[in-house]
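Participant: Structure provided below as structure tokens; questions to follow.
The values are calculated or read from the model by the stated rules, or taken from the named source; none is laboratory data. Remember, it's a predicted structure, so these values are computed and weren't measured experimentally. Don't worry about glycine lacking a Cβ; one is built from the backbone with ideal geometry, like all the others, and counts go over all protein chains shown. Note: areas computed on protein heavy atoms with side chains; ligands, DNA, RNA excluded. Shrake-Rupley method; radii C 1.70, N 1.55, O 1.52, S 1.80 Å.
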Amino acid sequence: MTTILLALLAAIPLATQGFIVEISAGGEECFTETISRGEKVIGSYSVSSGGTLEIDLRVYDSSGKTLYENLGYSDDSYAFVANQDGLYKFCFSNLKSTLTAKTVSFNIFVGTSLVDHEIAKKEHLDPLENSILLLGESLQFVVHEQQYLITRERMSRESTF
């Protein structure tokens, strides 16, 4: 059983993309990611410099439907399960600012499909194994979030000198 659990944890696919981008005053930047139906998507962002540190974020599915919208915040996180295959769009908008550009750090995690596990079927896993699988996925997210916070702290320290 231990071998199966280790194989399950090692086989958790998790594509990670982390970026730091500058959004010009009055500008908007969009990023795309190809995501399959049923995959979990977890993301976070933080504005590290630029005036009031407020930014707008909108996430769209491949048909253009808004999945997530957060307007006027300096940081947040979000999660959803992809409802269809296709190109998803993540747009940061600084349209409210006419003077200052904003520096935005963000991460997008695309991971394990909730629709089809090729490793083992649901009926093969007991509740404990399911819990361990979920803990493994959550731990990967925590590690990436911690790396992001360390980077943000370093950027903050550099900007104070």
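Participant: Residues that are closer than 15 Å to Ile42 by Cβ, modelled with pLDDT of 80 or more and of a type in the set (Ser, Thr, Tyr): does segment 112-128 have at least one?
Facilitator: No, segment 112-128 has no match at all.
Participant: Sticking with this one: Does segment 65-103 hold any residues that are under 24 Å from Gly38 (Cβ atoms), open to solvent by less than 50 Å² (accessible area, probe 1.4 Å) and either touching a Gly at 6+ places or on another chain (Cβ under 6 Å) or free of Cβ contacts under 8 Å to residues at least 12 places away in the same chain (or both), and which are they?
Facilitator: Hit for segment 65-103 is Tyr78, nothing else.
Participant: Select from segment 132-161 the residues that are among the hydrophobic types (A, V, I, L, M, F, W, C) and not in a helix (DSSP H, G or I) and list them in ascending order.
Facilitator: Answer for segment 132-161, where residues must be among the hydrophobic types (A, V, I, L, M, F, W, C) and not in a helix (DSSP H, G or I): just Phe161.
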